[in-house]
Every structure is written in C-alpha cells, then in structure tokens.
Amino acid sequence: MHTSTDKTLYRGRFAPSPTGPLHFGSLVAALGSYLDARHNRGEWLVRVEDLDPPREVAGAADSILHTLEAFGLEWDGPVVYQSMRNGLYDTALEQLARNGKLYGCACTRKEIADSSIKGQGTIYPGTCRNGLPAGRTARSVRVRVDDTCIRITDRLQGIVEQRLADEVGDFVLRRADQLVAYQLAVVIDDAEQGITDVVRGADLLDSTPRQYYLQQQLGLPAPRYLHLPIAVNASREKLGKQTHAGAVQPDAGNRILIAALTFLQQALPDDAAMAGQAELLQWATVHWNVDALPRKRLQPAPEIPSA
Ligand code: GLU
C-alpha cells in the first residue's frame, strides 16, 4: 500500500467506475493521465471505483484492466478496489461528524426537486439542516457547506470558482441506500494513496470544489488537477454506456491510440501507423505537451475506428 509519506514527486491515477467496458472517452482519460505521469517520471496507479453495485456491470472491472494492459498502459502497484475500503470512509465520516459537519437528511429526490429554486437544478435548499422535520427519519447524511468561494487553478482549464452554498448546497456523503458517495471516497483515496496529480475528464470539473472542500475539512492535502476535454457525440452527449459507445480494443495500425492522441492534439511521429504500440506510447510519453491540449470541456469525438 502506498502512503502519502513516500517521496514521490508525481503520483497519478486512473480511477474507472466499472459500469461498462473501456470506451473511447475513458481511454482518453486513461491515456492522458498515464502520459502526464510517465512524462513527469511519475508513478501511475489504477483504482477501481466499485462503490455503486446498482450501477456496476459484471465483468466490467476485469475487462477495463485487460484493455488497459492490451494498450500497454501498465500501472504501478496493485489495483485498489474501493469496495474493500469502507473502513477508511467510515473513519472520515466519524471525523466530520465529531466536528459537527454532518447531519441526517430525510428529503427524497422529488422533495428536493420540488423545493429547489427554479432554474437552479438540484441545489439542496437546507430543509433538514437545523433538525429533521417532525415525524421524519433520516435517509442520507449531508455535509454542511459554507459560503466561502472556493478557487482552484486547473492546469488546463484555468481558474475554477464555486460558492458551494449557492451552487450546490449541503451535499450527500452517505446516500439513502447507505452507500458512501463518490465525492467522499475519491477524496479519501486520493489522499491515502498519496496522489499528487489528478488528470481526468472535465465532466468532473464541477465536482472538484466539493472535493477541495472535503480535503480542507479533513485536513488532507489537495492534489493538482488537470481536466481533459471529454469526448461527446453529435448531440453533445458524453460517450459512455448511455450513448452506446463501443468498447475499444488495440489494433495493428494503432488507429485507436492515434485517434486518442489526435483528440488530445498531441504530435504524432511520421510513421505512427507503422510503429509498434510500445514504441508509439514511448514516443507520446516523451512528446507529451500539456500546452497543446484543447482548453475546453467538451470536444466532438472522432470517427472511432473499429478494430
Ligand atoms: N470513477 C469516476 C468515473 O469513472 C472517475 C473519478 C475520478 O477520476 O475522480 O467517472
């Protein structure tokens, strides 16, 4: 097990949820985090975020790991599975509870949607903040936020500011089904694994201030962040299970890797299609250039070559 006392200057990670096979969008995140880590002579870990059994697809975790291996994206150390780490999350919840930061919430999704201010999505209005309404029992556990403005400098997307009280509200750390929320688990694991650099899709940019807030509340260091553009289809939907994005597999002509590197606006060697896969990855590692990455949150996916 890695600990944050290791003297590693750079430790990155890829943290897939096992909700389906690796598709082009998740390959871009894996490749980007791998290349950034290896270019910086860092370590690269893989963590399976299997905290949500209802969303999990049987066999998906193994399939993702095999596909990463097949692309030559080799990780350091053992793969970590969030489902084995509930004790760590419980300890963090206890710490927050001791500090008066948590409260039980009886609200259902529908109640929150009905009482949210129009046009503001699902900002929690604070109904249970000062005690449960009479006759109601707690379903979930929320953390209290305050109205300070959180400011993060993303290595690619620049300054991100969010006032949690206005834009999110007190948010759930233990769900009504008793599962630990992603926002908490990711913060605990990144700190416990000594992650210095998070490189992931920009669909998580809006979650980053919540994670930063939890790091502050728990006295944990904040990693550096780099949010890559996410691949979207013609209707500007993220590629994934919902959009029926197909599984990717390496092919002899490196077409998928070339498509992913092109998506990230990285340079290619002249003979990219003729190069061996390991050779191409090595070349891409040496030539990895953050300044060339597209500075946007969404980018149309290319025609995905089928193997
Ligand atoms: N498990 C999350 C996902 O697959 C990624 C979490 C992260 O990189 O922080 O969307």
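How many of the residues making up the range 205-215 are open to solvent by 10 Å² or more (accessible area, probe 1.4 Å) and within 9 Å of the ligand (Cβ to nearest atom)? Lay out the reasoning, then the answer.
Taking the range 205-215 first, the residues open to solvent by 10 Å² or more (accessible area, probe 1.4 Å) are 206-207, 210, 212.
Next, only the ones that are within 9 Å of the ligand (Cβ to nearest atom) stay: 207.
Selection size over the range 205-215: 1.
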Options 115, 63: the member that is open to solvent by 50 Å² or more (accessible area, probe 1.4 Å) and either within 16 Å of the ligand (Cβ to nearest atom) or without any contact (Cβ under 8 Å) to a residue 24 or more places away in the chain (or both): 115
Restricting the range 144-156 to residues that are open to solvent by less than 40 Å² (accessible area, probe 1.4 Å) and either under 18 Å from the mean Cα position of the chain (by Cα) or of a type in the set (Gly, Ala, Ser) (or both), the residue that is farthest from residue 296 (Cα to Cα): 152
Residue identified as within 11 Å of the ligand (Cβ to nearest atom), over 29 Å from residue 287 (Cα atoms) and not in a helix (DSSP H, G or I) among 104, 20, 100, 12: 20
Residue match in the range 239-246 (condition: open to solvent by 50 Å² or more (accessible area, probe 1.4 Å) and at positive phi): yes
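One line per residue, one yes/no per condition, for (1) of a type in the set (Ser, Thr, Tyr); (2) at pLDDT below 95; (3) under 23 Å from the mean Cα position of the chain (by Cα); (4) within 29 Å of residue 56 (Cα to Cα):
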| site | (1), (2), (3), (4) |
| --- | --- |
| 242 | no, yes, yes, yes |
| 249 | no, yes, yes, yes |
| 253 | no, yes, no, no |
| 257 | no, no, yes, yes |
| 262 | yes, no, yes, no |
| 265 | no, no, yes, no |
| 278 | no, no, no, no |
Residue list for the range 222-259, restricted to those being free of Cβ contacts under 8 Å to residues at least 24 places away in the same chain and closer than 17 Å to residue 29 by Cα: 237, 258
Condition check for residue 46: out of contact with any Cys (no Cβ under 6 Å at 6 or more places or on another chain) and either basic (Lys, Arg) or without any contact (Cβ under 8 Å) to a residue 40 or more places away in the chain (or both): yes
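How many residues, within the range 262-291, are part of a loop (DSSP other than H, G, I, E, B) and touching a helix residue (DSSP H, G or I) at 6+ places or on another chain (Cβ under 8 Å)?
So the first thing to find is which residues in the range 262-291 are part of a loop (DSSP other than H, G, I, E, B), and the list is 264-276, 287-289.
Keeping just the survivors that are touching a helix residue (DSSP H, G or I) at 6+ places or on another chain (Cβ under 8 Å) gives 264-269, 272-273, 275, 288.
So the count comes out to 10.
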Candidate set: the range 188-204, residues that are closer than 17 Å to residue 229 by Cα and out of contact with any helix residue (DSSP H, G or I) (no Cβ under 7 Å at 6 or more places or on another chain); chosen: the one farthest from the ligand (Cβ to nearest atom): 202
Residue that is away from the ligand (no atom under 16 Å from the Cβ), buried (at least 21 other Cβ atoms within 10 Å of the Cβ), of a type outside the set (Val, Ile, Thr) and more than 21 Å from residue 12 (Cα to Cα), where the choices are 233, 254: 254
Failed criterion for residue 259 (all others in (1) among the small types (Gly, Ala, Ser); (2) under 23 Å from residue 39 (Cβ atoms); (3) part of a loop (DSSP other than H, G, I, E, B) hold): (3)
Residue that is open to solvent by less than 10 Å² (accessible area, probe 1.4 Å), in contact with a strand residue (DSSP E or B) (Cβ under 8 Å, 6 or more places away or on another chain), not acidic (Asp, Glu) and not in a loop (DSSP other than H, G, I, E, B), where the choices are 38, 47: 47
Enumeration of residues in the range 274-297 that are open to solvent by 60 Å² or more (accessible area, probe 1.4 Å), farther than 14 Å from residue 36 by Cβ and out of contact with any His (no Cβ under 8 Å at 6 or more places or on another chain): 274, 278, 279, 282, 283, 295, 296
All positions within the range 157-181 that are surrounded by fewer than 20 Cβ atoms within 10 Å (Cβ to Cβ) and either more than 21 Å from residue 96 (Cα to Cα) or basic (Lys, Arg) (or both): 158, 159, 160, 161, 163, 166, 167, 175
Check on residue 49, more than 10 Å from the ligand (Cβ to nearest atom) and of a type in the set (Asp, Glu): no
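The values are calculated or read from the model by the stated rules, or taken from the named source; none is laboratory data. Predicted model, so just to flag it, every value in this text is computed and none were measured. No Cβ is skipped: glycine too gets one built from the backbone with ideal geometry, and neighbour counts run over all protein chains shown. Note: accessible area is taken over every heavy atom of the protein model, side chains too, but ligands, DNA and RNA are not part of it. Shrake-Rupley method; radii C 1.70, N 1.55, O 1.52, S 1.80 Å.
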